[in-house]
Every structure is written in structure tokens, then in C-alpha cells.
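Everything on this sheet refers to the single structure shown next.
The values are calculated or read from the model by the stated rules, or taken from the named source; none is laboratory data. Since the structure is predicted, the reported quantities are computational estimates derived from the model, not experimental observations. All Cβ positions, glycine included, derive from the backbone under ideal geometry; neighbour counts span all protein chains shown. Protein only, heavy atoms only, side chains kept; ligands, DNA and RNA dropped before computing areas. Shrake-Rupley method; radii C 1.70, N 1.55, O 1.52, S 1.80 Å.
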Amino acid sequence: MKQKAVDSVKNSFSQKIRGHLINSDKEKYLLKTSNGNYVPRSGLVNIDTAKIEKYFQGKVPENIDLVAKTFPMIIRNFDSGRPIARLGNPARPILETNSVRFPTAALGRPPSPRGSCFWEESVPPKKRR
């Protein structure tokens with residue numbers, strides 16, 4: 001049972017990414033101690049690891065050494081609040097030129113003035129007894 005727990009931690013996304021993240025920007029993630037050793041800034045490393053995990057949707061990339069070079073850019077885009085281009089549908093413009101229509105918010109209906117769900121408007125109110 002303990003061995004399973006140890007293996008799951010070793011194989012987690014954060015453990016596989018951690019070293020690559022620290023090496024991508026050593027000045028940001030390493031703190032020099034009074035005796036000259038370097039220790040990782042765990043809080044900052046954990047926060048940025050979570051951002052990268054969200055970007056990759058929990059899946060470790062194949063060429064982690066190559067992808068690690070993009071970590072600072074991914075974190076910078078995440079912090080700036082700009083949408084990340086990867087999240088869009090790359091096939092959408094091609095499909096739209098071939099007359100495929102995609103639904104808009106609330107299945108093409110404008111939002112309700114009351115802020116309720118779109119389907120509540122079409123259901124008549126219940127009669128009280």
C-alpha cells in the first residue's frame with residue numbers, strides 16, 4: 001500500500017515537470033541560501049506547475065525537454081489573462097467556410113433578463129393547489 005502511494009507521487013504530473021520548470025528559469029525558482037546552496041522556492045514552483053498542468057490538461061508532453069523551453073511563455077500568457085491560442089478549435093474556420101454553423105451562447109438565444117437558464121423561460125409555472 002505504501003509503495004503504491006510512493007509510486008503515484010513519483011509518476012505524478014508535477015514531479016515529472018518540476019525539474020524542467022526549475023531549469024527553465026533558475027533565477028526565478030531557486031533561492032541562494034547563506035551557505036551558498038540553492039533551494040527551490042516551493043510555493044512559486046507549485047503555483048507555476050499548476051498553471052502548466054492546467055495548460056496541458058494533466059498530460060505530460062512527449063518531448064518534455066523541448067516543450068520545457070515554452071514554460072515561461074505559457075506562464076506569462078496565463079498570468080496576463082490573455083486567452084491561449086491552443087484552446088481554440090483549429091478546424092473551426094475551415095468548417096465555417098464549408099457552411100458548418102456552430103452554436104452560440106445558450107443555443108443561439110439571447111441571455112435571459114432574469115439571469116435564469118434558457119430552458120426555464122419555456123416551462124410554464126406550476127399551479128398551486
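Can you tell me which residue is farthest from Asp48 (Cα to Cα) among those in region 6-18 that are open to solvent by less than 40 Å² (accessible area, probe 1.4 Å) and at pLDDT below 90?
Within region 6-18, the first condition is being open to solvent by less than 40 Å² (accessible area, probe 1.4 Å), and the residues that meet it are 12-13, 17.
Checking the rest, the ones that are also at pLDDT below 90 come to 12-13.
On the way: Ser12: 15, Phe13: 12 Å.
Among those residues, the one meeting the criterion is Ser12.
Kindly provide the set of residues from region 72-92 that are of a type outside the set (Asp, Glu), modelled with pLDDT of 75 or more and surrounded by 10 or more Cβ atoms within 10 Å (Cβ to Cβ), ordered by number.
The answer is Pro72, Met73, Ile74, Ile75, Arg76, Asn77, Phe78, Arg92.
Residue by residue, here is whether (1) surrounded by 11 or more Cβ atoms within 10 Å (Cβ to Cβ); (2) touching a residue at least 24 places away in the same chain (Cβ under 8 Å); (3) among the aliphatic types (A, V, I, L, M); (4) within 17 Å of Lys16 (Cα to Cα) holds:
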{"residue": "Thr33", "(1), (2), (3), (4)": "no, no, no, no"}
{"residue": "Tyr38", "(1), (2), (3), (4)": "yes, no, no, no"}
{"residue": "Leu44", "(1), (2), (3), (4)": "yes, no, yes, yes"}
{"residue": "Ile47", "(1), (2), (3), (4)": "yes, no, yes, yes"}
{"residue": "Tyr55", "(1), (2), (3), (4)": "yes, yes, no, yes"}
{"residue": "Gly58", "(1), (2), (3), (4)": "no, yes, no, yes"}
{"residue": "Pro61", "(1), (2), (3), (4)": "yes, no, no, yes"}
{"residue": "Ile64", "(1), (2), (3), (4)": "yes, yes, yes, yes"}
{"residue": "Thr70", "(1), (2), (3), (4)": "yes, no, no, yes"}
